[in-house]
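The values are calculated or read from the model by the stated rules, or taken from the named source; none is laboratory data. Note that this is a predicted model, so its numbers are computed, not measured. Using ideal geometry, Cβ is built from the backbone for each residue, glycine included, and neighbour counts are taken over all protein chains shown. Calculation scope for accessible area: heavy atoms of the full protein, side chains included, ligands and nucleic acids excluded. Shrake-Rupley method; radii C 1.70, N 1.55, O 1.52, S 1.80 Å.
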Amino acid sequence: MSKHLIAAGASMLISSSIAQAQGIHISPAGTPATMIGAAQNFSGHVAVDIKAAGDSAQHGSVGMVDFAPGARTAWHTHPVGQLLVVTDGKGWIQQDGQPRQNIQAGDVVWIDADVRHWHGAATTTGMRHMAVTYLKNGKNADWKELVSDAQYNPR
């Protein structure tokens, strides 16, 4: 009798771990391929690696974004906000109408919903950050005009 209970318990544990494993989706490194940032959304050389697995992209997007020195986003907003985790280098972020702020490896930045802003590398140092955005009505960003050189690096 106890052998049957042990076997039944082991069977339940195995089947429960199989059921949990069915809910895990792994995208191998390098999939999808790195994209160069679109010229209407970025100035300078920017490479974007979208990080998604399973149906995660239906909720938002995660991207590892590499900015060469001097590269930056266009002005933009996010309908639900944006989280940036700076992983390498140094850069800048600026909210429209506010002074530019320094960001560097280890910094975590939250940008509230609908705040017009830009971010990118410093003039002489590249920067990499993980960007997390969320979808609202199928949209995660509203791209505006490019940041001018005078806005990027005021003298």
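Worth a mention:
- Scanning region 122-134 turns up no residue that is in contact (Cβ under 8 Å) with a residue 24 or more places away in the chain, at positive phi and surrounded by fewer than 16 Cβ atoms within 10 Å (Cβ to Cβ).
- Of all residues in region 37-91, those satisfying the criterion of being outside any strand (DSSP E or B), more than 14 Å from the chain's Cα centre (by Cα) and on the phi > 0 side of the Ramachandran plot are GLY44, GLY54, GLY70.
- Taking each residue of region 51-66 that is farther than 18 Å from ALA33 by Cβ and looking for partners that are open to solvent by 40 Å² or more (accessible area, probe 1.4 Å) and not basic (Lys, Arg) with beta-carbon atoms closer than 7 Å, six or more apart or interchain, yields GLY54/HIS25; HIS59/TYR134; HIS59/LEU135; GLY60/TYR134; GLY60/LEU135; GLY60/ASN140.
- Hits in region 93-113 (condition: under 17 Å from the mean Cα position of the chain (by Cα) and either within 20 Å of ALA38 (Cα to Cα) or surrounded by fewer than 18 Cβ atoms within 10 Å (Cβ to Cβ) (or both)): ILE93, GLN104, ALA105, GLY106, ASP107, VAL108, VAL109, TRP110, ASP112, ALA113
- Residues satisfying the stated conditions in region 22-48, i.e. modelled with pLDDT under 95 and within 21 Å of ALA121 (Cα to Cα): THR34, MET35
- Count of region 86-107 residues, restricted to those that are out of contact with any helix residue (DSSP H, G or I) (no Cβ under 9 Å at 6 or more places or on another chain), of a type in the set (S, T, N, Q) and within 19 Å of TRP75 (Cα to Cα), is 4.
- Residue in region 138-152 that is assigned to a strand (DSSP E or B), crowded, with 17+ Cβ neighbours inside 10 Å and either modelled with pLDDT of 95 or more or not small (Gly, Ala, Ser) (or both) present: no
- Evaluating VAL108 against the criteria (1) under 28 Å from ALA29 (Cα atoms); (2) in contact with a strand residue (DSSP E or B) (Cβ under 6 Å, 6 or more places away or on another chain); (3) in contact (Cβ under 8 Å) with a residue 40 or more places away in the chain leaves one unmet condition, (3).
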